[in-house]
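Undergrad: I have a structure here, written as structure tokens, and I will follow up with some questions on it.
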Amino acid sequence: MAQQAFRKLHLVLALGGMMAPFAISAAHADSVVKLGFASPLSGPQAHYGKDNENAAKMAVDDLNKQNLVIGGQKVKFELVPEDDQADPRVGTQVAQRLVDSGVKAVIGHFNSGVSIPASRIYSDAGIPQLSVATNPAYTASGYKTAFRLVGSDSQIGGSLGQYAVRQLKAQRIAVIDDRTAYGQGIADEFVKSLAAQGKQPIKREYTNDKANDFTAILTSLKAQKPDVIFYGGADAQAAPMARQMKRLGLNARLMGGDMLNTPNFIKLAGTDATGHYSAVAGGELGARPAGKDFEQRYKARYQQDVVLLGPQFYDGVMIVADAMKRAGSTDPAKFLPYIAKTGYKGVTADFGFDAAGNLKNAPVTISSVENNDWKVKSVVQ
């Protein structure tokens, strides 16, 4: 019996000795922190979504090179990407999948019409959501988890309305929107800005975000002799609209929000893109040292220029990681308050949020197409 007891003790000690290295290894293993990402990665808006994903991946890679330790645990960040197809119904399904997968925060969505319904799901789960949704309704629900990384439509549409009247001296202004939350929202704010200046649109028309033939609408507008046509929608529709305006002899300037300000608009519209205007919720990226560095690194890595709001997605990832570091925790309940009081200096802006989650002091950059490129005309703070 004594001999059997000795053998058992020897076996326990041996196993303990074998397990000790594994225990030590486990204690020093990376803790994987999942960050959700959502944007349209298929369909006509996929170029926006891929740009966003590229930038978010850059941020995750930059963080992982730092070998961060949060709350005494070495962490490794992992991006969990989802394609919301710019569809509100798909977007809510994506939001629930991200919550179920255990992500600690979500960077997205891209479209206001998708971000708004998804925001309730993230709020119910207590997961921070950092979005580039510009429709004011995104932060109007009172969700403490919702943060806007750019200015709102009231700022973008308002700036364009003032620019059209004060700088372009427009007298006859027509408005078209695609009836999405983004398109209608920014068009409404543009009209409000006109009203504040004592002007009303000579006509307001509507289309959808799948249309590509605007001949009927533009023909009816031609009789009204507009000098500016505002379009609330994406570049995939604005480009054929610009071509058709030229073909019909409509000499009005086309104006739109940030979704027009892409290389894709110029590519699709060709020479007919010249002279048209857009406004982006953000400052001139190249004017910030960190922004210029980001542009260069992005182009070197992906062999293309930044499309639109990818840099804001990069900043969104970094803001979350910065909040985790300051909180000493990757638990959303603990680092969420640190996002709300962030003072992060990003590649696109010096970030600070108001009580509703809106970006404070958000600049708006107005540009027009000259020599096959977008040229900055004005930066409004």
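The values are calculated or read from the model by the stated rules, or taken from the named source; none is laboratory data. It should be emphasised that the depicted structure is a prediction, and the values quoted were computed from it without experimental measurement. Because the Cβ atoms are built from the backbone with ideal geometry, glycine has one as well, and the counts that use them run over all protein chains shown. All accessible areas refer to the heavy atoms of the entire protein, side chains included, with ligands and DNA or RNA removed. Shrake-Rupley method; radii C 1.70, N 1.55, O 1.52, S 1.80 Å.
Undergrad: Working only within the range 77-105, note down all residues that are open to solvent by less than 60 Å² (accessible area, probe 1.4 Å), on the phi > 0 side of the Ramachandran plot and not aliphatic (A, V, I, L, M).
TA: If the condition is that a residue be open to solvent by less than 60 Å² (accessible area, probe 1.4 Å), on the phi > 0 side of the Ramachandran plot and not aliphatic (A, V, I, L, M), then Gly102 is the only one that fits.
Undergrad: Something else: Residues that are more than 26 Å from Ser193 (Cβ to Cβ), open to solvent by less than 30 Å² (accessible area, probe 1.4 Å) and in contact with a helix residue (DSSP H, G or I) (Cβ under 7 Å, 6 or more places away or on another chain): does the range 274-281 have at least one?
TA: no
Undergrad: Kindly list, by first and then second residue, each pair from a residue in the range 287-314 that is among the basic types (Lys, Arg) to a residue that is part of a helix (DSSP H, G or I) and surrounded by 12 or more Cβ atoms within 10 Å (Cβ to Cβ), limited to pairs with Cβ atoms under 6 Å and residues at least 6 apart or on different chains.
TA: These pairs meet every condition: Lys292/Gly286.
Undergrad: Would you check if Val103 is under 28 Å from Ala238 (Cβ atoms), out of contact with any helix residue (DSSP H, G or I) (no Cβ under 7 Å at 6 or more places or on another chain) and hydrophobic (A, V, I, L, M, F, W, C)?
TA: no
Undergrad: Tell me which residues, restricted to the range 106-124, are without any contact (Cβ under 8 Å) to a residue 60 or more places away in the chain and either touching a helix residue (DSSP H, G or I) at 6+ places or on another chain (Cβ under 8 Å) or open to solvent by 40 Å² or more (accessible area, probe 1.4 Å) (or both).
TA: Of everything in the range 106-124, those that are without any contact (Cβ under 8 Å) to a residue 60 or more places away in the chain and either touching a helix residue (DSSP H, G or I) at 6+ places or on another chain (Cβ under 8 Å) or open to solvent by 40 Å² or more (accessible area, probe 1.4 Å) (or both) turn out to be Ser115, Pro117, Ser119, Arg120, Ile121, Tyr122, Asp124.
Undergrad: A follow-up question, please. If the Cβ limit is 8 Å and pairs must be 6+ apart or interchain, which residue in the range 329-341 that is touching a residue at least 12 places away in the same chain (Cβ under 8 Å) and open to solvent by less than 50 Å² (accessible area, probe 1.4 Å) pairs with which residue that is among the charged types (D, E, K, R) and part of a helix (DSSP H, G or I)?
TA: Phe335/Arg326
Undergrad: Taking the condition of being assigned to a loop (DSSP other than H, G, I, E, B), free of Cβ contacts under 8 Å to residues at least 60 places away in the same chain and not small (Gly, Ala, Ser), how many residues in the range 125-143 meet it?
TA: Within the range 125-143, residues that are assigned to a loop (DSSP other than H, G, I, E, B), free of Cβ contacts under 8 Å to residues at least 60 places away in the same chain and not small (Gly, Ala, Ser) number 1.
Undergrad: Got at least one residue in the range 231-240 being open to solvent by 20 Å² or more (accessible area, probe 1.4 Å), in contact (Cβ under 8 Å) with a residue 12 or more places away in the chain and more than 20 Å from Ala279 (Cα to Cα)?
TA: The answer is no; no qualifying residue exists.
Undergrad: Read through the list (1) within 15 Å of the chain's Cα centre (by Cα); (2) over 19 Å from Ala56 (Cα atoms); (3) among the acidic types (Asp, Glu), then give the number of the only condition that Asp315 fails.
TA: (2)
Undergrad: Test Lys225 against the stated conditions and say whether it is more than 21 Å from Gly49 (Cα to Cα), in contact with a Lys or Arg (Cβ under 7 Å, 6 or more places away or on another chain) and in contact (Cβ under 8 Å) with a residue 12 or more places away in the chain.
TA: yes
Undergrad: If I go through the range 157-167 residue by residue, how many of them are among the aliphatic types (A, V, I, L, M) and either touching a helix residue (DSSP H, G or I) at 6+ places or on another chain (Cβ under 6 Å) or open to solvent by 30 Å² or more (accessible area, probe 1.4 Å) (or both)?
TA: Going through the range 157-167 one residue at a time, the tally reaches 1.
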